[in-house]
Amino acid sequence: MADIDGLERMIEPEVKSLGYDLVRVAMVGGTSDPTLQIMAERPDTRQLALSDCERISRRLSEVLDLCDPIDGSYRLEVSSPGIDRPLTRLKDYQDWAGHEARITLREQSEGRKQYSGT
């Protein structure tokens, strides 16, 4: 299992140095197909073009190859948050206040992990 907080501390300055905001770092796909998923966005448009993804991917590939923070092989996926963007930062919640959202908690609260509403 990768140290997501450590990866985020390593990745965020690299993404910022290219002029983007980091939205999320996650390991998905389980042990059979591990994928390091990086979501980022342009501060001005809150989106990414394919060329932006390519630029970030190349920089992060260099850094990750040098530091080798993840045991074994994995895929690197760089993407825009898209229409179903995860709300991962306080500013995301502020920006999308008043819109419908589905929230999944890490731990149960009042017997539930998933909530939806405005």
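The values are calculated or read from the model by the stated rules, or taken from the named source; none is laboratory data. A quick note: this is a predicted structure, and the numbers were derived from the prediction, not measured. Quick reminder, even Gly has a Cβ in these numbers, built from the backbone with ideal geometry, and neighbours come from all protein chains shown. Surface accessibility is based on the protein's heavy atoms, side chains included, excluding ligands, DNA and RNA. Shrake-Rupley method; radii C 1.70, N 1.55, O 1.52, S 1.80 Å.
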Could you tally the net charge around residue 14, taking each other residue with its Cβ under 12 Å from the Cβ of residue 14, Lys/Arg +1 and Asp/Glu -1? +2
Mind checking the full-extension length gain between residue 105 and residue 50? Use 0.36 nm per residue of separation minus the Cα-Cα distance, one decimal, nm. 16.7 nm
For the chain, what does the helix formula give at 222 nm: sum of -39500 (n - 2.57) over DSSP H segments with n ≥ 4, over the residue count, nearest 500 deg cm²/dmol? -10000 deg cm²/dmol
Read-out mean projected area of the Cα convex hull in nm², derived from the coordinates shown; its label in (1) 9.1; (2) 8.4; (3) 10.5: (2)
The chain - percent of accessible surface contributed by carbon and sulfur, probe 1.4 Å: 47 percent
Environment charge at residue 117 (Cβ cut-off 11 Å; Lys +1, Arg +1, Asp -1, Glu -1): 0
Expressed per residue, the solvent accessible area of the chain in Å² (1.4 Å probe) is about 69 Å²
Treating only the Cβ atoms of Lys and Arg (+1) and Asp and Glu (-1) as charged, compute the dipole magnitude of the chain about its Cα centre; round to the nearest 20 debye. 340 debye
Which ³J(HN,Hα) values, rounded to whole Hz and listed in residue order, are derived for the stretch 49-66 from phi using the Karplus coefficients 6.51, -1.76 and 1.60 in 6.51 cos²θ - 1.76 cosθ + 1.60 with θ = phi - 60°, glycine and proline given as x? 8, 4, 5, 5, 4, 4, 4, 5, 4, 5, 5, 5, 4, 4, 5, 5, 5, 5
So what J values fall out for the stretch 79-85 if you push phi through Karplus, 6.51 cos²θ - 1.76 cosθ + 1.60 with θ = phi - 60°, rounded to Hz, Gly and Pro as x? 8, 7, x, x, 5, 9, 3
